Structures are given as C-alpha cells and as structure tokens.
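The values are calculated or read from the model by the stated rules, or taken from the named source; none is laboratory data. All of these numbers come straight from a predicted model, not from anything done at the bench. No Cβ is skipped: glycine too gets one built from the backbone with ideal geometry, and neighbour counts run over all protein chains shown. Protein only, heavy atoms only, side chains kept; ligands, DNA and RNA dropped before computing areas. Shrake-Rupley method; radii C 1.70, N 1.55, O 1.52, S 1.80 Å.
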Amino acid sequence: MAAFCRIKRSHFLFSRSLKQFLNLYTQNNNTQIQNPFIKYNLFQFSSTPTCQKPQNFLPPLSLEDSRIVDKLVHVFTKRLDTLKSEELDELGPKITTLIVEFVLKRLKSWRIAQLFYNWAKNQSGFSHSCHTFNLMAECLSAARQIDSMRMLVNDVIKCQCYFTPRALGFFIRCLSNQGLVKEANELFDHMQKSGLCVPNSFSYNCLLDAISKGGDVGLIELRLKEMNSYGWQLDKYALTPTLRCYCNAGMFENALVVFNEMREKELVDAHVLSILLVSFSKWGKVDKAFELVERIEDLNISLNEKTCFVLIHGFVREGRTDKALQLLDKMRKMDFVLDISIYGVLIEELSRNSEIEKAMQLYEEMNDSGVRPDIKILTDLMSCVRDERDMIRIVEERYESLELKDRMLLYNSVLKGLINNGSTDKAYRLLCASTGLESGGDFNKDNPFSMKELVCPNTISFEIVIDGLCRADRLEMALSLFRDMDHIGCKRSVLLYNNLIDYLSRSARLDECYELLNEMKQSEFRPTHYTYNSIFGCLCRQGDDAGALALVREMRVHGHQPWIKYYTLLMQKLCKDGQAVKASNFLADMVQEGFLPDVVGYSAVIDGLIKIKQLDKALDLFKEICARGHCPDVVAYNIMINGLSKAKRVLEAQGLVDEMMDKGLIPSVVTYNSLIDGWCKNGDIDRAIVNLTRMTEKEREPNVITYTTLIDGLCNAGKPNDAMRLLVEMESKGCLPSRVTFMALVSGLCKCGKPDIALTYLQEMERKEMKPDPYVYIVIIKAFINNLNPKEAFNVLEKVVHDESLQDLNGKDLSTLKEAILSLLADPRTSSNVKILLEEGHFTALCSISEIG
C-alpha cells in the first residue's frame, strides 16, 4: 500500500513539474503546447456524462499535510477575521493543491469555502488546479450561487489551468445545473482554442446536455457537426440531449428523426421515451403523445409512474380528458398505484365539463382502492352532481369525518350544488335551518341531508344562496335574507352588496340601489367600481344623462372609471331619441370631469349628429377626438366618411380616407362603398371607378353594394353598356346580383332609353323569383311610351294589372302611372285595350282614372 501511495505521489509530482516546465517552455519559446494530460495519456475516461466528480488519482495526505488541513479548517471555521490571522501567514507558503482540495471537501458552508478559495488563490507561488476549481464549482452550484459561478469561470480563464476532458465536462455540468449555458459554451471554446484541454466525447456530451436545457437548436447542431468532424459516433449521451433540445424548441419533426435513429441503434429507454412524451404533452400534441404511448409495447419499454402522472396532468391541461382516462386505464393494467393527485385532477376537469357519470365512477374507484378523497375533490363533485341521491351519499360518507373547516367547505358546496341543480328553495331552507331563521316551510320534512351537527353558515354561504335567489328572480327573498344576517351576527361582504345592487339596477329599482350604496358608505365597506357602474348602467339604460353625470362626478372623487359599454349605451339611446346634441354635451362634461371617453362613445355621438343634419358639428367632434390623443378607428372614420359622402362633400371624405392610410389604418369595404356612392351621386363616375380599382389593389373584395352603386352610377352617367359589363364581371367573380342590383340596372337602362334590354333583365329577375318593386314596372311602361312603343308598354301594364302592391302606390309613382295610362288611352293603338282594363276596375288607382276619362 505504501509503495502504491509513493507511486501515486510521484505521479502527482511529475504532473506538477511537467506543468511548470511546459509553462516555462511556452513563455520562452512562445509556442503552442498540446495539453499534457492528453499527450501523455495520463487519464482515460469514457464518454458517459455521469454526475459523479472526476477522480483525481491523488495520494493520501502525509501526516504533516493532514495537520495543515486541520489547522486551515479550524482557522476558517472560527468566528474571526480569518484573513488577518497570523496562523494563515505561516500556513500560506505550505499549501498545495492536494491540501486545498482536502480543505474544500471538509468545509460545509459555501461562504467559508469561497473565502478559503480566494485566500488560497492569492498565496504566492500557488495556483488552483482543475480539481480545486471543480470542487469549488460543485460547492457553488449546489448553493445556487450564480454570480459566484460566473466569477469562478473568469478565474479559470485567467489562471490558464490545464483541464482533463472529464474535469472540463464536470465543470460544464455544474454551470449547466444553474442555467449558465452561455458561460459553459464560452469556457469550452476558450479551453479548446488555448490548448488547455482537448475535449473528448465526454466533454462534448456534457456541453450538449447544457445546451439542450436552453433549447438552442442552432448551437447544438453546430456542436454535433464538430463531433462528426472528429469522426466520433454519436452515442446515447449525445443523442439524448439533442432530442431534448428539439423537444424544448417545439421542433417535433426533428425530434422524431433523432428518436427513430436512437430506436434503430437500440438506445431508446424509459428516460428517452419520457422526454419525448412529456414534451408532446407540454406543447399540446396530445394525439402524438398518445400514439407514442400505444407503440410502447413494440419498443419493449415500460412507462414509469412519474411519466404517466405528468402525461395525465398535461392531457387534462389541454382539455383532453378522453386521452387522460385512456392512459389511466393503461396504468391500472400495469398495476400502478394511483394517488390522490391523479384522481383529483381528473375529477376536477370532469366536474368542470359536467361529465358527472365519469366523475362519480372515479370517486367510487377511489373509495374501493382506499384512497381517501380530500375536501377539494368533494367540493368539485358537489359542483357538478345533478342527482340529489349522489349528493346525499357523499355527505353521509364524508361529513362526520371532516374537520370543522372542511365541513364548512362541504356545506357550502352542497348549497352551491343545490342552486346549480335549480333547487334554490332547498338551498334556502337548508341555510335557514342552519341559522334558525324562518324559511316558510317544514325543513325537517323536506331536508334530505342527515347532518347530525349543522355548521353555522358563514358569509360565503349567504353569498351563494342570495346570488341563487337573485338569479331565480326572487329579489325580495334575497333582500330579506340579506337583512336577516344582522340578526344572527353574520358579517356581510362587498360581494353581497354588489350582487344585490346589480340585480336591483337590472330591475330599474334605483331608489333601493342608492339605499344600499349609502349603507355601504356608512359601513366598513367601500363601494367598488363594480358597485358604481351597476347603478351607472341603470341610469344609462334609462337615458338619464343628468343622473349619470352626477354619478360620474362621484366616481371621479373615489378614483373609479365609468364603464365604456354603459356610457356608449347612453350615447346611442340619446342619439336614437334625436338628442345627439345632449349626448355630445355629456361627453364634453365627462372630459371636464377628467375622463377621456372612448372612441366608441364618440362614434355613437358623431353618428347621431350626422343623422340630425349637424354634419359640421360632427366633423368638429371628430377632429376633437384626434386633438385629445385618441386615434379614431376604422368604424369612426367610416361614420364620418359616409356622412360627408351623402352630403356631397366627397372631396373631404376622400381626404379622410387618405388620412386613414397615413395613420396605418386600412379602409374597409364600407369605406370604399361610401366613397363610391358619394362620387356616383356627385356625377363623377370616373372617380368612383378609380376607388373600385383601389379596392382590389388593397385586397378589399367589392360586395353586392359596391357593384349595385356603380351600376346605378354608370346608368345615371349615360354609360349603360359599361353597367351591363360590370354586371357580367360581378357574376364572374362570384358576387351574385341582388334584387336591388337588377332593379337599379332595369331602371338605369330605361333612363338611357333601352327599355327592350331592361325588359330582358326584368324577365331574368322573374326567373330568379325576385319580385321587383312596383316603380320598376312604371319606369319600363314610361320608357316604352317615350320610345314610341305603346304596345310593349300596354303588355307590361296588362301583366301587372293584378299586382296588389300597385294599389299602395302614391305620390310621384302614382302620378307617373296615371300619366302613362292617359298616354296609352290617347294612343289609338292601345286605347281600346286600356279602356277594357279600366272598366274591369282591377285596382283603385285605375278606377280613379276611369272617372277622369
């Protein structure tokens, strides 16, 4: 044994001397020296990246060295300023790397170890070795001292210390454990480029493992190429971190390629499989994960319990209880012991999805297997159970064995379950029986729950029942129960006040809302934004702008914001009643109170002002939005553009469209339709066509309104042929003409003196079972008369004489029809036939003309 120790001691001294020689040689010759540990093959290591420390093959301590170690440990563990100790001055020149290593092993605190490490580093003639660096790295990594780890990396780089491949791998592992992947890569490159270490497959595998945790696919692929360039075969310990890296990055196609390669090499084990499965589950690839689970038997691998538990939780998180239950069935077949966490997560999800039967089956299975359900599982079941018999059974089985706190939770879940089942009366009577309040019924007769000792309901109990009564439209009972809380000494809550005020406001019982609000102010409870907005919403629904503004002022004092949906509703209601000016004033008052209304509220008022012909005021308000820092949305712009277009102020509307695009807003189909309609009504059909072109350029598909507007505009501009071509283009693009489209074309063709063609489109309408408005027939009749074709005019008149809708004609259309009939009466070619129709008296309008005749 002594001989062996002397050999190892000589080995150590040789290595140290060799290092000093090489350092001296390098300084004198300025040449690159190969790592002596590799050159002389002093240490042989496998590529397996285990977590064990690299062995340093150093001899045991001599008696003198042991005494030095004891003294150092003693000095550094005393409560004094060790750096000024006289003993240290004596011990400093005597330390060796072997002594430092033994001291570091014996120091329990990372702080003391770091203090000693720094002291040793500063001793003249001493340099740390790869072994002391690794001991320090192990210590700091275990203590999670990330900043100190970074400083240690800097020390390694400055020290220019040689590392064996295994020592470098171990150091990288320590860095990796604290997520210092960047530092691990930088150190690896430094050691390799400086010749301080020639990494082997073990070193690379440790680095790959570090990179995989960060999911840097590009970096891990670069390192794999380096390994391939050395002619190394990628083993399990290289492929496993590569698989993990692809999984962490969500690159499952690449991950499967690596997995298949490992399977071909028979390297797949339960750990490798779990990496892929858990990653599939994490990224929501439930079907792929389960498909892989199904193939496990072919791989001759057994899943472990931990992986199955993780998968079930993952499947449930993705809402795939179907696959979770299938995996649970596999776990049963593998005789795994199912714990309460698995049952809990499944019952919770099944309860949430109202899969009552499956949830109850799992509950029964728990009972049969001796797993005692906790209160969370019981309350989850109560929330979904619909059969009162199941509720009774759960209560009878568990209630007596629960602690008081859990009894309270179960009691409240029973109340909630009854209300969810629509048994609000039973929940009400159960609560009253528990408090000694009068419920108006015989609870002992109706109560199905045999609880020997009913708990005293708490505030949550009342919140559940009162909310249930409110939802069942039993406000009076809810208010009465709320008042009874004082009698039994049960504390009220903000939630109770808010719920009651909300339901009262929905019933427009404002006086009672304000009564509860004042009661809150006088109590310990402060009204919340929900309290105020419930009342504010009621005022807005009633169109009470004065009351709403008064409440807004009070809300401002207490730091609450009025909800957009309510004051927008008020704006819409006022505008609908023709009070857009009042709505505009309300917004101005809100601004004065320090609230900047939303664009939606402004848009509603702008629309209202336009409808009452206050276009300039609407435009001023629109400009005010921009001045106040709001960026009007597309809807707001559309309202303004439409109003300007209809007022024939199309150039201003076009300017707003350009402004929209400058602000990065994309005009919608509605925007272009408004502009096209404006240009058509302005008689500028060319600009209307330009906007149609812009629509297609901006990938805005013209709709039936677009085409109908343009067809009408083209006809009004005396371009009937272009209008008919546009109809063909419309149909070719899959946009089907509507009844209004055909009527616009028929009417337009008649205006252009083409009643014959118009009649063909009218007949097409009839084939498509589209009924035209009466005025269309009148326009055609008039056009044929103007074209000196009274016979065709009479044919149309004769065809529609039985149309009852013609009896409702009035105004201009009726006058036009009378003129047409008088014209046909005066024409000898049609006179006699018209008289016959008049004499038959088919409808009131013709009869009045017969009297004139």
Are there any pairs with C-beta distances below 8 angstrom linking a residue in the stretch 295-311 that is of a type in the set (A, V, I, L, M) to a residue that is outside any helix (DSSP H, G or I), with the two at least 6 apart or on different chains, and if so which? I296/S302; I296/L303; L299/V268; I301/V268; I301/D269; L303/M334
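For the structure I just gave you, tell me whether T321 is closer than 21 Å to Y204 by Cβ and polar (S, T, N, Q).
Numbers: closer than 21 Å to Y204 by Cβ: no; polar (S, T, N, Q): yes.
Criteria not met by T321.
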Have a look at L454, L410 and point out the one that is among the aliphatic types (A, V, I, L, M) and modelled with pLDDT under 80. L454
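Kindly state which helices (runs of 4 or more DSSP H) lie completely within the stretch 77-175 and contain at least 1 residues that are in the same structural domain as K193 (by the TED database), under 49 Å from the mean Cα position of the chain (by Cα) and acidic (D, E). Don't jump to the end; show me each part of the working.
Values: elements: 86-91, 97-106, 110-121, 130-142, 146-159.
Passing ranges, in order: 130-142, 146-159.
Residue by residue, here is whether (1) at pLDDT below 90; (2) surrounded by 15 or more Cβ atoms within 10 Å (Cβ to Cβ); (3) in contact with a Phe, Trp or Tyr (Cβ under 8 Å, 6 or more places away or on another chain) holds:
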{"site": "T82", "(1), (2), (3)": "yes, yes, yes"}
{"site": "E101", "(1), (2), (3)": "no, yes, no"}
{"site": "S129", "(1), (2), (3)": "no, yes, no"}
{"site": "A143", "(1), (2), (3)": "no, yes, yes"}
{"site": "M149", "(1), (2), (3)": "no, yes, no"}
{"site": "V153", "(1), (2), (3)": "no, yes, no"}
{"site": "L168", "(1), (2), (3)": "no, yes, yes"}
{"site": "F171", "(1), (2), (3)": "no, yes, yes"}
{"site": "C174", "(1), (2), (3)": "no, yes, no"}
Total residues in the stretch 528-574, condition among the polar types (S, T, N, Q) and closer than 17 Å to V599 by Cα: 3
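Among the candidates K265, K213, which residue alone is open to solvent by 60 Å² or more (accessible area, probe 1.4 Å), at pLDDT below 85, over 27 Å from M331 (Cβ atoms) and not small (G, A, S)?
On the way: K265 fails: at pLDDT below 85.
Of the residues listed, the single one that is open to solvent by 60 Å² or more (accessible area, probe 1.4 Å), at pLDDT below 85, over 27 Å from M331 (Cβ atoms) and not small (G, A, S) is K213.
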Hits in the stretch 397-410 - residues which are outside any loop (DSSP other than H, G, I, E, B) and among the aliphatic types (A, V, I, L, M): L404, M408, L409, L410
Is one or more of the residues making up the stretch 662-676 in a helix (DSSP H, G or I) and modelled with pLDDT under 90? yes
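Tell me, yes or no, whether the stretch 297-306 has at least one residue that is under 27 Å from the mean Cα position of the chain (by Cα), surrounded by 15 or more Cβ atoms within 10 Å (Cβ to Cβ) and not in a helix (DSSP H, G or I). So that I can check it myself, show each step before the final result.
First, the residues of the stretch 297-306 that are under 27 Å from the mean Cα position of the chain (by Cα): none.
So far as the stretch 297-306 goes, no, none of its residues is under 27 Å from the mean Cα position of the chain (by Cα), surrounded by 15 or more Cβ atoms within 10 Å (Cβ to Cβ) and not in a helix (DSSP H, G or I).
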Filtered residues of the stretch 662-688 (kept if out of contact with any helix residue (DSSP H, G or I) (no Cβ under 7 Å at 6 or more places or on another chain) and open to solvent by 50 Å² or more (accessible area, probe 1.4 Å)): D662, K663, G664, I666, K681, G683, D686
Which of the residues belonging to the stretch 378-399 are charged (D, E, K, R) and out of contact with any helix residue (DSSP H, G or I) (no Cβ under 9 Å at 6 or more places or on another chain)? R389, R393, E396
Pairs where the first residue, in the stretch 188-211, is in contact (Cβ under 8 Å) with a residue 40 or more places away in the chain and closer than 14 Å to K236 by Cβ and the second is crowded, with 17+ Cβ neighbours inside 10 Å and aromatic (F, W, Y), C-beta under 6 Å, 6+ apart: N205/Y237
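Is there a residue in the stretch 768-778 that is more than 52 Å from the chain's Cα centre (by Cα), modelled with pLDDT under 90 and aliphatic (A, V, I, L, M)? Step through it out loud before you land on a result.
Of the residues in the stretch 768-778, the ones more than 52 Å from the chain's Cα centre (by Cα) are 774-778.
Going one step further and asking which of them are modelled with pLDDT under 90, we end up with 774-778.
Filter once more, keeping what is aliphatic (A, V, I, L, M): 776, 778.
Yes, the stretch 768-778 contains at least one residue that is more than 52 Å from the chain's Cα centre (by Cα), modelled with pLDDT under 90 and aliphatic (A, V, I, L, M).
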Please enumerate the residues belonging to the stretch 690-715 that are among the β-branched types (V, I, T) and farther than 24 Å from R739 by Cβ. V690, T693, T696
Single residue of the stretch 219-262 satisfying the filter (buried (at least 16 other Cβ atoms within 10 Å of the Cβ) and hydroxyl-bearing (S, T, Y)) that is nearest to Y204 (Cα to Cα): Y237
Just one listed residue, out of A137, A120, is open to solvent by less than 10 Å² (accessible area, probe 1.4 Å) and under 20 Å from A184 (Cβ atoms), and it is A137
With respect to the numbered conditions (1) over 34 Å from the mean Cα position of the chain (by Cα); (2) surrounded by fewer than 18 Cβ atoms within 10 Å (Cβ to Cβ); (3) modelled with pLDDT of 85 or more, which one is the sole condition not fulfilled by L475? (2)
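Quick grid of which residues meet (1) surrounded by 14 or more Cβ atoms within 10 Å (Cβ to Cβ); (2) outside any loop (DSSP other than H, G, I, E, B); (3) in contact with a Phe, Trp or Tyr (Cβ under 8 Å, 6 or more places away or on another chain):
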site	(1), (2), (3)
S354	no, no, no
E357	no, yes, no
M366	yes, yes, yes
V395	yes, yes, yes
Can you confirm whether the stretch 429-442 contains a residue that is modelled with pLDDT under 90, assigned to a loop (DSSP other than H, G, I, E, B) and farther than 30 Å from A478 by Cβ? no
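Here is a yes/no grid of residues against (1) of a type in the set (D, E); (2) within 22 Å of K812 (Cα to Cα); (3) touching a residue at least 24 places away in the same chain (Cβ under 8 Å); (4) surrounded by 15 or more Cβ atoms within 10 Å (Cβ to Cβ):
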{"site": "G734", "(1), (2), (3), (4)": "no, no, no, no"}
{"site": "F742", "(1), (2), (3), (4)": "no, yes, yes, yes"}
{"site": "V746", "(1), (2), (3), (4)": "no, yes, yes, yes"}
{"site": "L749", "(1), (2), (3), (4)": "no, yes, yes, yes"}
{"site": "T760", "(1), (2), (3), (4)": "no, no, no, no"}
{"site": "M765", "(1), (2), (3), (4)": "no, no, yes, yes"}
{"site": "M770", "(1), (2), (3), (4)": "no, no, yes, yes"}
{"site": "V776", "(1), (2), (3), (4)": "no, yes, yes, yes"}
{"site": "A783", "(1), (2), (3), (4)": "no, yes, yes, yes"}
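Do we have any residue at all in the stretch 530-553 that's without any contact (Cβ under 8 Å) to a residue 40 or more places away in the chain, open to solvent by 10 Å² or more (accessible area, probe 1.4 Å), part of a helix (DSSP H, G or I) and among the aromatic types (F, W, Y)?
To start, the set of residues in the stretch 530-553 that are without any contact (Cβ under 8 Å) to a residue 40 or more places away in the chain comprises 530-544, 546-548, 550-551.
Restricting the remaining residues to those that are open to solvent by 10 Å² or more (accessible area, probe 1.4 Å) gives 530, 541-544, 546-547, 550.
Okay, now just the ones that are also part of a helix (DSSP H, G or I), so 530, 541, 546-547, 550.
Okay, now just the ones that are also among the aromatic types (F, W, Y), so 530.
Scanning the stretch 530-553 turns up at least one residue that is without any contact (Cβ under 8 Å) to a residue 40 or more places away in the chain, open to solvent by 10 Å² or more (accessible area, probe 1.4 Å), part of a helix (DSSP H, G or I) and among the aromatic types (F, W, Y).
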Set G643, G601: member being within 27 Å of V552 (Cα to Cα) and not in a loop (DSSP other than H, G, I, E, B): G601
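With respect to D486, determine if the residue is in contact with a helix residue (DSSP H, G or I) (Cβ under 8 Å, 6 or more places away or on another chain), closer than 20 Å to V465 by Cβ and part of a helix (DSSP H, G or I). Give the steps one after another, and end with the answer.
Values: in contact with a helix residue (DSSP H, G or I) (Cβ under 8 Å, 6 or more places away or on another chain): no; closer than 20 Å to V465 by Cβ: yes; part of a helix (DSSP H, G or I): yes.
Taking the combined requirement at face value, the residue does not satisfy it.
For the stretch 606-629, which residues satisfy the criterion of being among the charged types (D, E, K, R) and assigned to a helix (DSSP H, G or I)?
Let us first name the residues in the stretch 606-629 that are among the charged types (D, E, K, R), namely 607, 611, 613, 616-617, 620, 623-624, 628.
D607, K611, D616, K617, D620, K623, E624 - these are the residues of the stretch 606-629 that are among the charged types (D, E, K, R) and assigned to a helix (DSSP H, G or I).
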Residues that are of a type in the set (D, E, K, R) and more than 24 Å from the chain's Cα centre (by Cα), drawn from the stretch 319-359: D329, K330, R332, K333, D335, D339, E355, E357, K358
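Of these, K782, K791, K751, which one is in contact with a Cys (Cβ under 8 Å, 6 or more places away or on another chain) and in the same structural domain as A826 (by the TED database)? Working first, answer last.
Working: K791 fails: in contact with a Cys (Cβ under 8 Å, 6 or more places away or on another chain); K751 fails: in the same structural domain as A826 (by the TED database).
Criteria check complete, one pass: K782.
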Pairs, first free of Cβ contacts under 8 Å to residues at least 60 places away in the same chain in the stretch 251-280, second part of a loop (DSSP other than H, G, I, E, B), C-beta under 6 Å, six or more apart: M262/V268; A270/I301; A270/N304; L273/I301
